[in-house]
1. Taking the Cα atoms of segment 82-124, report the difference between the largest and smallest coordinate on each principal axis, in whole Å and largest first.
2. Could you tell me the ratio Rg/Rh of segment 212-355? Both radii from Cα atoms, Rh via Kirkwood.
3. So what is the relative contact order for segment 36-189, in percent, with contacts set as C-alpha pairs under 8 Å and at least six apart?
4. With the contact rule set at Cα under 8 Å and sequence spacing of 6 or more, what percent relative contact order holds for the chain?
5. What number comes out for the charge environment of A69, summing +1 per Lys or Arg and -1 per Asp or Glu over other residues with Cβ under 14 Å away?
6. Nearest 10 degrees, 0 to 90: what angle lies between the long axis of helix 296-310 and the longest principal axis of the chain (Cα atoms)?
7. Take the solvent-accessible surface of the protein heavy atoms, probe 1.4 Å, and return the percent of it on segment 201-279 that carbon and sulfur atoms account for.
8. Per residue, what volume in Å³ does the Cα convex hull of segment 3-81 take up?
Amino acid sequence: MTWTLYGDWNSGATIVEILLNEAAAPFAFRQISIARDQQLDAAFGAINPMRRLPALVVPGGMLVTESLACVLVLAEHVPDARLLPPPATPGRATVLRWMAFLAGELYGAVGRFDYPERYTTDPGGTTAVRDSAVAETRRLWSLLDGNLGPGPYVLGERFSALDAQILVMSRWTNGPAEWVDEHCPRIAEVVRTTAARPSAAAIWTRNYEPVRPARADEAASVAALVEAAYAPWVPVVGQRPGPMDDDYAGRIARGEVFVVAEASDVLAGLVVIEEKAGALWLDNVATAPAYAGKGLGRRLIRFAEAEARHRGYGAIRLYTHQRMERNVALYRALGYAETGRSVEAGFPRVFMEKRLAG
Ligand SMILES: N[C@@H](CCC(=O)N[C@@H](CS)C(=O)NCC(=O)O)C(=O)O
């Protein structure tokens, strides 16, 4: 009785992911990386000819695409989860109305922002397409915000699938979600309340919780997370990897450690960056075992790259243990090129670098 969800972390599939959790429905997540354009591959085209995420396979094999249809079909299959209000009620009409609005109108504007070249034949026209998409998304969120009754959810005290859709889609409003949070108080309230639900809390942490500097009182938690994350590597590389014995109190004091934490302050992941020898080094990325393999590590790597750009570096560098072949392959897939190999401080290291576009 397992569902299969094709999606990426922080995509339309995330709405379905939250609702599958809400229904306690077992599912397999098949990652299709948008950053690597895997949705455009022929293999995924055979699943969704539109080559877009999400796609959902119902237990038994029936395939659904289009985010709105995925949500409706899921809600029909798990009636006990009460993802939608009963048919022919005002609540049902409200939820259907705004779910169609977001899937039809807002998704289109997001697509125009993400892929402006698809919406103009003028090679110089992409900025104008993007600018108008930003204005349109803001108009749509403001319109929805102004039409919502008292909270905390859209339907007051009752959660519905629409709340999950708002949580996810409001996070990708063409750049920072801060605009929505600042200008749309009811949407922000729905997001806050929905993010705290058990179905969404971990998804919220790994996809949307801001990366922040580690606090001085978190040195022990940082060390414990690194210990847990790197422990599986000890038998592979035959020694304790360097990060397991680092001085995190010192690194935190120097402003080199950034974390993503749950609402309870339990750490989900961290990245250590260091400026040395005229370069920004990505020193260490670690995720807590419960968060491994779900996109948080990549988000932390993107954070480090953005930080390098922000500090004026044209490239970011790193080294990893030569026996951590899986990491070397991952960094290669993310655009890092090998620049050399040597043994340093008893560690056989692979050095890599990624050039950063302005
Ligand atoms: N109408 C579709 C839109 C889906 C969509 O645009 N999905 C995005 C991910 S959130 C996507 O696949 N983008 C990649 C692309 O367009 O190439 C739906 O509601 O499911």
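1. Principal-axis extents of segment 82-124 (Cα, largest first): 49, 14, 9 Å.
2. Details: Rg = 14.4 Å, Rh = 15.4 Å.
Reported Rg/Rh, Kirkwood definition of Rh: 0.93.
3. With pairs under 8 Å counted, the relative contact order is 16 percent.
4. 10 percent
5. Values: positive: R52; negative: E66, E76.
With Lys, Arg at +1 and Asp, Glu at -1, the net is -1.
6. Helix 296-310 sits at roughly 70 degrees to that axis.
7. On the way: 2000 of 3430 Å².
Looking at segment 201-279 in its full context, I get 58 percent from C and S.
8. 76 Å³
The values are calculated or read from the model by the stated rules, or taken from the named source; none is laboratory data. What you are looking at is a predicted structure, and each value in this text was computed from that prediction instead of being measured. Methodologically, a virtual Cβ is constructed for each residue, glycine included, from the backbone with ideal geometry; neighbour enumeration extends over all protein chains shown. The protein model used for the area step is the full one, side chains on, heavy atoms only, and it has no ligands, DNA or RNA in it. Shrake-Rupley method; radii C 1.70, N 1.55, O 1.52, S 1.80 Å.
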